[in-house]
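K.L.:
This is the structure, below, for whatever I ask next.
The values are calculated or read from the model by the stated rules, or taken from the named source; none is laboratory data. None of these values were measured; they are calculated from a predicted model. Note that we place each Cβ from the backbone using ideal geometry, even for glycine, and neighbour counts take in every protein chain shown.
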Amino acid sequence: MNRITWSQLKIPIKEISLDIILPSGQSFRWRKHGDEWVSVLNELIVILRQEEDHILYRSIPSQARATLTTPIDVEHVLQDYFNTSIKLSKLYREFGARDRYFKTIAPLFSGIRILRQDPWETLCSFICSTNNSIKRITQMIDNICLTFGTYVATYDGVAYYTFPRPEDLCASSSVVQKLRELGFGYRAPYVYKTALQVHEWELLGHELSELRGSSYEKVREFLMELPGVGPKVADCVCLMAFDCHSSVPIDTHMWNIVQRRYAKDAKIRPSKSKTLSKSTYDDISSHLRGLWGDYAGWAQSVLFISELRKNA
């Protein structure tokens with residue numbers, strides 16, 4: 001295992017900070033092993049190590065794909081996953097020019113970018129995120145992969161599995177009970193019913209990824225027709241899986257920031273309530289899109305992480 005060759009992804013730490021991004025609640029499947037980050041992407045175990053001006057990476061193929069003659073282009077997978085075509089330093093400058101508060105915190109939180117993740121895994125993961133902590137969501141996602149996913153390989157004593165596909169999670173109604181046993185609680189039927197609807201849509205010849213390139217409004221409307229998907233979940237999935245860069249999810253952390261920093265300009269009345277009406281939610285998101293522009297969701301992620309770190 002130690003003889004696996006390291007390759008380099010040429011992207012500096014100011015453009016991507018693994019230690020900030022990977023545990024921050026965009027994805028819930030990265031594990032920290034010493035100075036390495038490990039997860040499963042495209043049925044590969046991918047191992048990353050941060051350097052100042054590049055990322056070292058290596059991979060372990062799935063045992064089920066060991067006989068395939070065409071290797072996966074891991075560098076391409078990582079470039080796509082980390083949205084490397086988007087220059088973060090340029091966005092930071094633009095956000096700072098538009099928003100004084102962003103400019104004050106940006107130097108403390110460099111390298112925060114939006115991941116471009118598998119649409120189904122992202123959708124299912126954020127259905128699990130409602131009224132939940134990152135630690136508990138991570139445990140739920142580990143459980144669902146272990147129980148319903150496919151074994152990939154073992155690294156450093158840990159077995160890794162794929163994320164189950166929709167058909168794996170709607171094979172029978174007993175899935176709901178199993179998910180409850182795994183700690184999903186009231187979210188269990190949402191996962192099952194959404195998997196069923198997505199699978200039925202796939203049987204008609206569609207796939208979720210075909211929605212990439214559609215308008216934010218169209219993707220959001222589609223997602224909000226699925227069980228367990230409200231405005232915040234839809235906005236998270238739009239941003240992190242469907243290239244809707246202007247999507248601005250508003251959770252408790254962002255609501256706190258808005259009340260402290262943007263309430264006056266957004267014409268929002270401060271409130272102790274953690275629950276937002278749909279109209280207030282939409283007003284806040286719309287105001288922040290107008291403030292930050294076409295990549296507003298990327299600015300939101302910086303403020304979200306700043307609040308997350310402050311409350312850690």
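K.L.:
What is the residue count in segment 158-200 for residues that are closer than 16 Å to residue 121 by Cα and either in contact with a strand residue (DSSP E or B) (Cβ under 9 Å, 6 or more places away or on another chain) or free of Cβ contacts under 8 Å to residues at least 12 places away in the same chain (or both)?
P.N.:
Summing the residues that are closer than 16 Å to residue 121 by Cα and either in contact with a strand residue (DSSP E or B) (Cβ under 9 Å, 6 or more places away or on another chain) or free of Cβ contacts under 8 Å to residues at least 12 places away in the same chain (or both) in segment 158-200 gives 4.
K.L.:
Check segment 158-171 and report whether any residue there is assigned to a helix (DSSP H, G or I) and of a type in the set (Lys, Arg).
P.N.:
The answer is no, given that none of the residues of segment 158-171 is assigned to a helix (DSSP H, G or I) and of a type in the set (Lys, Arg).
Yes/no per residue for (1) closer than 19 Å to residue 26 by Cα; (2) modelled with pLDDT under 95; (3) within 18 Å of the chain's Cα centre (by Cα); (4) not small (Gly, Ala, Ser):
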| site | (1), (2), (3), (4) |
| --- | --- |
| 138 | yes, no, yes, yes |
| 142 | yes, no, yes, yes |
| 145 | yes, no, yes, yes |
| 149 | no, no, no, no |
| 168 | no, no, no, yes |
| 188 | no, no, no, no |
| 196 | no, no, no, yes |
| 200 | no, no, no, yes |
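K.L.:
Among the residues of segment 125-150, what is the count of those that are touching a residue at least 60 places away in the same chain (Cβ under 8 Å) and closer than 28 Å to residue 204 by Cα?
P.N.:
Result for segment 125-150: 7.
K.L.:
If you check 116, 100, 58, which single one turns out to be among the basic types (Lys, Arg) and over 30 Å from residue 144 (Cα atoms)?
P.N.:
100
K.L.:
Additional query: Which of (1) assigned to a loop (DSSP other than H, G, I, E, B); (2) without any contact (Cβ under 8 Å) to a residue 12 or more places away in the chain does residue 279 not meet, given it meets every other one?
P.N.:
Exception for residue 279: condition (1).
K.L.:
Still on this model: Return only the number of the condition from (1) modelled with pLDDT under 90; (2) among the charged types (D, E, K, R); (3) over 15 Å from residue 235 (Cα atoms) that residue 261 does not satisfy.
P.N.:
Every listed condition holds for residue 261 apart from (1).
K.L.:
Consider segment 166-179. How many of its residues are surrounded by fewer than 19 Cβ atoms within 10 Å (Cβ to Cβ) and closer than 25 Å to residue 209 by Cβ?
P.N.:
Within segment 166-179, residues that are surrounded by fewer than 19 Cβ atoms within 10 Å (Cβ to Cβ) and closer than 25 Å to residue 209 by Cβ number 3.
K.L.:
While we're looking at this one, here's another question. In segment 183-206, which residues are surrounded by 12 or more Cβ atoms within 10 Å (Cβ to Cβ), in a loop (DSSP other than H, G, I, E, B) and not hydrophobic (A, V, I, L, M, F, W, C)?
P.N.:
183, 185, 206, listed by residue number.
K.L.:
Being of a type outside the set (Ser, Thr, Tyr) and not in a helix (DSSP H, G or I) is the filter here, so list the residues in segment 207-222 that pass it.
P.N.:
Within segment 207-222, 207, 212, 213 meet the criteria.
K.L.:
Read through the list (1) at pLDDT 95 or above; (2) over 25 Å from residue 138 (Cα atoms), then give the number of the only condition that residue 19 fails.
P.N.:
With respect to (1) at pLDDT 95 or above; (2) over 25 Å from residue 138 (Cα atoms), residue 19 is out only on (2).
K.L.:
Would you say residue 84 is assigned to a loop (DSSP other than H, G, I, E, B), within 24 Å of residue 38 (Cβ to Cβ) and of a type in the set (Val, Ile, Thr)?
P.N.:
So residue 84 fits the description; yes.
K.L.:
Let me ask something additional. Could you tell me whether segment 4-20 includes any residue that is part of a loop (DSSP other than H, G, I, E, B), free of Cβ contacts under 8 Å to residues at least 40 places away in the same chain and in the same structural domain as residue 80 (by TED's automatic domain parsing)?
P.N.:
Within segment 4-20, not a single residue is part of a loop (DSSP other than H, G, I, E, B), free of Cβ contacts under 8 Å to residues at least 40 places away in the same chain and in the same structural domain as residue 80 (by TED's automatic domain parsing).
K.L.:
Moving to a separate point now. Could you tell me which numbered condition residue 82 fails, if it satisfies all but one of (1) of a type in the set (A, V, I, L, M, F, W, C); (2) at pLDDT below 95; (3) buried (at least 18 other Cβ atoms within 10 Å of the Cβ)?
P.N.:
For residue 82, the failing item is (2).
K.L.:
Answer yes if at least one residue in segment 48-70 is touching a residue at least 60 places away in the same chain (Cβ under 8 Å) and under 20 Å from the mean Cα position of the chain (by Cα), and no otherwise.
P.N.:
No, segment 48-70 contains no residue that is touching a residue at least 60 places away in the same chain (Cβ under 8 Å) and under 20 Å from the mean Cα position of the chain (by Cα).
K.L.:
Additional query: Consider only pairs whose beta carbons are under 6 Å apart and that are at least six residues apart or on different chains; among these, list those whose first residue lies in segment 83-108 and is closer than 15 Å to residue 257 by Cβ and whose second residue is of a type in the set (Ser, Thr, Tyr) and in a helix (DSSP H, G or I).
P.N.:
Going by the 6 Å Cβ cut-off, the qualifying pairs are 105/306; 106/92.
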